[in-house]
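Accompanying notes for the structure given below.
The values are calculated or read from the model by the stated rules, or taken from the named source; none is laboratory data. Because the structure is a prediction, the values reported are computed rather than measured. Glycine gets a Cβ as well: all are built from the backbone with ideal geometry, and neighbour counts include every protein chain shown.
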Amino acid sequence: MSNWKVGKVKPLSMLMTAYIEVIRGTPMLVQLYFFYFGLPKLIPQLDSAFISITIACIVNSVAYVAEIIRAGIQAVDKGQMEAARCLGMSQKQAMIKIIIPQATKNVLPALCNEFVTVIKETSIASTFFVGELMTQYKTMTAALYLTIEPLLIVAAIYFFLTFTLSKAIAVFERRLQSGD
């Protein structure tokens, strides 16, 4: 959404659009592999599976969050900006005082859902034995020769995390809407 231009080209907008399209257009597992194998070659100091997988999850989530925020800002009626500008506010003041507070209410449910999704996507990290819940499941299965019981425990933990978070989000959303 940046209006910064170099001539007629918007380099920041083009760069972010390319980033978002590539990340949203490729599977999370491919991104995990890329960061797990590629990041240590580019930056040898980051030769840790945990760091590589964490960065991959962050890079993936940021692309989705950027789209959520963009959509939230665009959902605010254009008349709000025009009214703020008529009152003598600068573009920056109007964004900070008028547009962003309204957009926050628009994007909060989607942002919270993205957070829940990130929690669930961490299970894919077990592919790289990073020590998250699914890796612990594999360890328990190998040690105890049980498959269903540890899986039920892991499912219960994921459910507890996401259910609790979802209910907390619902309470927060109700509080925000009570101000309308």
Selection from region 17-40 of residues that are surrounded by fewer than 16 Cβ atoms within 10 Å (Cβ to Cβ) and either closer than 24 Å to Met1 by Cβ or among the aromatic types (Phe, Trp, Tyr) (or both): Thr17, Ala18, Tyr19, Glu21, Val22, Arg24, Gly25, Thr26, Tyr33, Phe34, Phe37
Among (1) surrounded by 12 or more Cβ atoms within 10 Å (Cβ to Cβ); (2) more than 17 Å from the chain's Cα centre (by Cα), the one test that Met14 misses: (1)
Yes/no for Tyr33 being assigned to a helix (DSSP H, G or I) and farther than 30 Å from Gln91 by Cα: yes
Selection count, region 41-51, where residues are assigned to a helix (DSSP H, G or I), surrounded by 12 or more Cβ atoms within 10 Å (Cβ to Cβ) and free of Cβ contacts under 8 Å to residues at least 40 places away in the same chain: 2
Residue satisfying condition, being within 23 Å of Leu176 (Cα to Cα) and at pLDDT below 90, within set Leu108, Leu146: Leu108
Residue in region 74-83 that is touching a helix residue (DSSP H, G or I) at 6+ places or on another chain (Cβ under 7 Å) and not in a helix (DSSP H, G or I) present: yes
Enumeration of residues in region 145-180 that are of a type in the set (S, T, N, Q) and part of a helix (DSSP H, G or I): Thr162, Thr164, Ser166, Gln177, Ser178
Residue that is assigned to a helix (DSSP H, G or I), under 24 Å from Gly38 (Cβ atoms) and not aliphatic (A, V, I, L, M), where the choices are Thr139, Thr127: Thr127
Residue in region 21-30 that is more than 25 Å from Phe129 (Cα to Cα), of a type in the set (A, V, I, L, M, F, W, C) and under 25 Å from the mean Cα position of the chain (by Cα) present: yes
Selection from region 116-156 of residues that are under 21 Å from Cys57 (Cα atoms) and among the acidic types (Asp, Glu): Glu121, Glu132
Complete set of residues in region 1-21 that are in a helix (DSSP H, G or I) and without any contact (Cβ under 8 Å) to a residue 40 or more places away in the chain: Pro11, Leu12, Ser13, Met14, Leu15, Thr17, Ala18, Glu21
All positions within region 146-180 that are farther than 21 Å from Asn113 by Cα and either within 21 Å of the chain's Cα centre (by Cα) or among the small types (Gly, Ala, Ser) (or both): Gly179
